[in-house]
Amino acid sequence: MVVKSFDNEVVEHRLEVVGVNPIPNSARTMSSRKILIFWAMASASALTPIVGLELYNMGIPFATIAIVLALLIGIIPAGLVAEMGRQIPVPSLVVSRKTYGFMTSGAYSLVFTFLNLGFFGLNDTVGAAIISGLTHSNIIIWYVIMGIVQVVLVLFGAKWLEYFFRYSAPVLIVSYIILAYFLLTSYKINFSLLMHPIGAFTWGGALNFLLGFSILAWSYKISTQTRFGYPYSDKDSASKRFRYFISSPVGIMIPVLLMGLIGLVGNSVDPNTGWNIAVLTFPGLHGLFGIVVFIAALGVSLAIIHTNAMNLYPATADLLAALQPVFRKKANEKLAQPIATILLGTGGIILAIGGILAHIETFIDTLAAIIFPFTFILIFDWFVHLRHTTKMGDYYSIPKSIFMNFRVDALIPALIGTVIAIFGIGPYDFIFNYFPEALFGSLIGLLIYIVVYYGYTSRHINTGESYSENINYADFETD
């Protein structure tokens, strides 16, 4: 077995070059508060108010309940992945090499790369529409310009992303407050109508969209950032562990709630584009007020850069997780992260130009069907097995056996969950009016894996694993 040695350098020539290698303890300094702000700003996209469009028929009270339910459903999986990043400072798709097999995990990494690019394209479309509308210029130009800005930011890596998110957060918040104020004062909002269901809806459909759009779709990415958090220690207080556990999921869902409700109100005044309040025209506003609205709309465009940075950054990690075996020389591997970021950013721009926003519901449903079963099985395997037994080097050692490269004991349950999430269960599909389909498929896949795990895997595979001990893990391992 060839065991990879690790380079402690996270940044070189100001560009992040660590790729998917472990983050050394010296670079793991992000507090739970910073992580909460990071994920809140990553989630606070100019696309996020589209939640209000999707939940419009529910009315404000039921839409609020649906968003809170989505948080309660997703907080444990998301929190566990956050803890995974603190205990094992590598992206979750590296951890999945032990659960799904090295090569199978690489295949999933490629799939997730393209899913992240889809989100990049969605957000790039909305951001370009805002600036194109404000400047009355060709939208194609802004697809490219905004894409380039996001690529440049991601090239500098997690440290500078966190700085940008933290210091631009007040601008984004103030911008949305200004636009929400003018929305409420410039239009006559029929709140008595919005306080009741407006049309047909299903709880299952609403939760399926919310989970796929936000908390569970983001969950597998969370460790990509929390690996920069302070290392996990058995000496941590209960309150410190709790803060790290909830910071990512709560950060993700706060913008979904607040901006989703703004989008719902905006949709009531313009059913075509009203959810995107940055492109609304506010009657009667001229002169100074018009300038204020213009500047606020530009401020909202920051939200696109926030979110797309955290679509492109994990997409780069996903691609590198798949291609890492190709880079045998350290010098080449250090070039891999910047090059992958540029290529993937270009791909996201192309998807925006191609009109991916028109297919958002299909995209979200497909994303949820693939990501949810994968994530649930990975979390279970990490929680009951990997965190207790696996050393850092094992995640980078390519197994010699076919089975350990293609772990069918995990892959088949995950695929079953995906098939159910996409095609349903025939005559019993009516239950998806009340229960999210992608979550149902994921739980079925997880239950199958649990049966296989305790009936076969834990006795015949995990007990026979041998771990490499010829690496000094001191700079990567936690207590």
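The values are calculated or read from the model by the stated rules, or taken from the named source; none is laboratory data. All of these numbers come straight from a predicted model, not from anything done at the bench. Neighbour counts are summed over all protein chains in view; Cβ atoms, including those assigned to glycine, are modelled from backbone coordinates with ideal geometry. The area values use the complete protein model at the heavy-atom level, side chains included, leaving out ligands, DNA and RNA. Shrake-Rupley method; radii C 1.70, N 1.55, O 1.52, S 1.80 Å.
Here is a yes/no grid of residues against (1) free of Cβ contacts under 8 Å to residues at least 12 places away in the same chain; (2) surrounded by fewer than 24 Cβ atoms within 10 Å (Cβ to Cβ); (3) in contact with a Ser or Thr (Cβ under 8 Å, 6 or more places away or on another chain):
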site: 70; (1), (2), (3): no, no, yes
site: 99; (1), (2), (3): no, no, yes
site: 111; (1), (2), (3): no, yes, no
site: 117; (1), (2), (3): no, no, no
site: 125; (1), (2), (3): no, no, no
site: 128; (1), (2), (3): no, no, no
site: 131; (1), (2), (3): no, yes, yes
site: 134; (1), (2), (3): no, yes, no
Next on the checklist: Given (1) surrounded by fewer than 23 Cβ atoms within 10 Å (Cβ to Cβ); (2) of a type in the set (S, T, N, Q); (3) at pLDDT below 95, identify the lone condition not met by residue 202.
Outcome noted: (3)
Item to check | In segment 137-159, the residues that are within 27 Å of residue 228 (Cβ to Cβ) and without any contact (Cβ under 8 Å) to a residue 40 or more places away in the chain | outcome: 152
Next on the checklist: Can you say whether residue 238 is over 30 Å from residue 194 (Cβ atoms) and of a type in the set (A, V, I, L, M), as far as the supplied structure shows?
Outcome noted: yes
Checklist outcome for this item: Here the residues within segment 46-74 that are in a loop (DSSP other than H, G, I, E, B) and either touching a Phe, Trp or Tyr at 6+ places or on another chain (Cβ under 9 Å) or more than 15 Å from residue 176 (Cα to Cα) (or both) are 47, 48, 49, 55
Item to check | Residue count for segment 247-267, restricted to those that are farther than 27 Å from residue 150 by Cα and touching a helix residue (DSSP H, G or I) at 6+ places or on another chain (Cβ under 6 Å) | outcome: 3
Checklist entry - Would you say residue 36 is touching a Phe, Trp or Tyr at 6+ places or on another chain (Cβ under 6 Å), assigned to a helix (DSSP H, G or I) and at pLDDT 90 or above? => result no
Checklist entry - For residues in segment 394-424 being surrounded by 18 or more Cβ atoms within 10 Å (Cβ to Cβ) and β-branched (Val, Ile, Thr), which is nearest to residue 90 (Cα to Cα)? => result 418
Checklist entry - Can you pull out the residues in segment 434-474 that are open to solvent by 50 Å² or more (accessible area, probe 1.4 Å) and either modelled with pLDDT under 75 or outside any helix (DSSP H, G or I) (or both)? => result 434, 435, 459, 460, 463, 464, 466, 467, 469, 470, 472, 474
Item to check | Subset of segment 72-89 (residues that are surrounded by fewer than 24 Cβ atoms within 10 Å (Cβ to Cβ) and either under 21 Å from residue 28 (Cβ atoms) or at pLDDT below 90 (or both)) | outcome: 79, 80, 83, 87
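Here is a yes/no grid of residues against (1) over 22 Å from the mean Cα position of the chain (by Cα); (2) modelled with pLDDT of 75 or more; (3) in a helix (DSSP H, G or I):
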| residue | (1), (2), (3) |
| --- | --- |
| 316 | no, yes, yes |
| 320 | no, yes, yes |
| 328 | yes, no, no |
| 332 | yes, no, yes |
| 337 | no, yes, yes |
| 340 | no, yes, yes |
| 346 | no, yes, yes |
| 351 | no, yes, yes |
| 358 | no, no, yes |
